[in-house]
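Down below is the structure, laid out as structure tokens.
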Amino acid sequence: MPISLDAYLGVHAQALALQGKRTEVLATNLANADTPNYKARDVDFRAALAAAAAPGTAGAPLALSTTDAKHLGAEASGTGAAQLKYRVPLAPSLDGNTVDVQLEQAAFAENSVRYQATLTFLSQRFKGLLTAITGQ
Amino acid sequence: MPSFKIFDIAGSGLSAQSVRLNTVASNLANADSVSGDPASVYKARHPVFQAVHAALAASAAAQSSGAAVRVAGIVESQAAPTVRHDPSNPLADAQGNVYAPNVNVIEEMTDMISASRSYQNNVEVMNTTKDLMLATLKLGQ
């Protein structure tokens with residue numbers, strides 16, 4: 001019985017990669033909270049996850065091109081730049097910086113909780129698979 | 001897993017903020033260093049921050065997301081020094097004037113609070129990222 005591990009893990013594997021990426025973007029915003037003319041950015045999570053779940057569409061991860069039926073397909077992990085968007089500032093400052101530290105902190109906390117939730121989902125999947133394998 | 005670049009990014013933030021704290025310390029320490037010559041009096045120093053996209057853009061995917069911060073330079077305030085008439089001061093010039101640095105102590109104190117908060121933010125980012133990475137390494141165990 002062939003099992004596709006990717007299909008079994010569902011969307012959680014891609015969600016984990018995206019949330020890891022988002023952590024990086026939010027960390028960048030926080031590190032540049034005092035940099036003049038720095039524009040805060042964030043990942044459009046819905047669009048990015050949709051693109052990651054449906055490869056082949058615009059903005060999807062780069063797929064390895066295959067010229068022979070025996071070639072193995074592969075996909076670059078992570079997301080492209082298409083889903084990175086600039087924040088609309090609530091209170092822009094005079095130095096051109098658009099980082100709202102409180103907002104970024106909230107987003108960072110939210111993202112890390114979501115990341116841990118996704119980890120729990122994945123962990124449960126693996127445990128389920130292990131139960132099936134050991135048959136206990 | 002969150003990439004290891006976050007440690008570089010948050011680390012650059014820590015380093016930039018500590019440079020800022022250094023300049024605040026220097027400005028506050030020299031707030032009362034008077035001089036008899038307006039040209040040689042201490043001038044308030046402030047760092048200029050700059051986002052660095054290029055250094056992290058070595059890999060194709062990286063150019064879109066991470067940006068470290070670096071101190072592009074330290075500029076001296078061009079505001080005129082405060083003139084004080086104090087003939088008893090041994091440093092006073094022929095007119096009996098001494099020149100005090102153009103350091104605004106209130107501005108320096110707020111700058112210090114801002115730098116310390118930003119520093120704490122970056123430390124928190126590093127801590128959270130470390131916890132997430134450790135949790136990822138334990139996946140499936």
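Each value in this text was obtained by applying a stated rule to the coordinates, not by laboratory testing. Just so you know, these numbers come straight off a predicted model, no measurement behind them. Cβ atoms come from the backbone with ideal geometry, glycine included; neighbour counts cover every protein chain shown.
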Quiz item: Which far-off residues, 5 or more places away or on another chain, put their amide H under 5 Å from the one on B:Ala72, with H placed in the peptide plane?
Solution: B:Val48, B:Phe49, B:Gln50
Quiz item: Once you average over the residues of A:12-23, how many Cβ atoms of partner chains fall within 10 Å of each Cβ?
Solution: 3
Self-check item: Spacing of the two label points (7 Å from each Cα toward its C-beta) at A:Arg87 and B:Val83, in nm
Solution: 4.7 nm
Quiz item: Is the protein assembly as shown best put as rounded, prolate or oblate by its Cα gyration tensor, with a ≥ b ≥ c the root eigenvalues, rounded for a/c under 1.5, and otherwise prolate when a/b is larger than b/c, oblate when not?
Solution: prolate
Quiz prompt | Per-residue average of Cβ from other chains inside 10 Å of B:130-137 | solution = 3
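Counting only other residues whose beta carbon sits under 15 Å from that of B:Ala72, what net charge do I get with K and R as +1, D and E as -1?
Numbers: positive: B:Arg20, B:Arg45, B:Arg70; negative: A:Asp34, A:Asp95, B:Glu76.
That works out to 0.
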Quiz item: With the Cα gyration tensor of region A:7-134 giving a ≥ b ≥ c as the square roots of its eigenvalues, does the rule (a/c under 1.5 for rounded; else a/b larger than b/c for prolate; else oblate) give rounded, prolate or oblate?
Solution: oblate
Exercise. Rank B:Ala100, B:Ala67, B:Ala92 by mean-square fluctuation in a GNM of chain B with C-alpha springs under 10 angstrom and give only the top-ranked residue.
Key: B:Ala92
Exercise. With springs only between Cα atoms under 10 Å apart, run a GNM on chain B and tell me which of B:Ser12, B:Ser40, B:Ser114 wobbles the most.
Key: B:Ser40
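If one computes P(r) from the Cα atoms of region B:5-137, what percent of pairs lie at distances over 17 Å?
Roughly 67 percent, rounded to a whole number.
Residue by residue through A:38-45, how many Cβ atoms from other chains fall within 10 Å of the Cβ on average?
Numbers: counts 5, 1, 0, 3, 0, 2, 0, 0.
Per residue, the average neighbour count from other chains is 1.
Ranked highest first by average number of other Cβ atoms within 10 Å, how do B:16-28, A:84-96 line up? Each step should come with its number before you reach the end.
Numbers: B:16-28: 19.1, A:84-96: 11.3.
Sorting B:16-28, A:84-96 by mean packing, highest first, produces B:16-28, A:84-96.
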Self-check item: Proximal lysines to A:Lys21, defined as alpha-carbon separation beneath 30 angstrom and excluding residues fewer than eight positions away on the same chain
Solution: A:Lys39, A:Lys85, A:Lys127, B:Lys5, B:Lys130, B:Lys138
Exercise. Pick out, in residue order, every one of the chymotrypsin sites (Phe, Trp or Tyr not before Pro) in region B:1-48 that is DSSP loop and has at most 13 other C-beta atoms within 10 Å; say none if there are none.
Key: B:Phe4
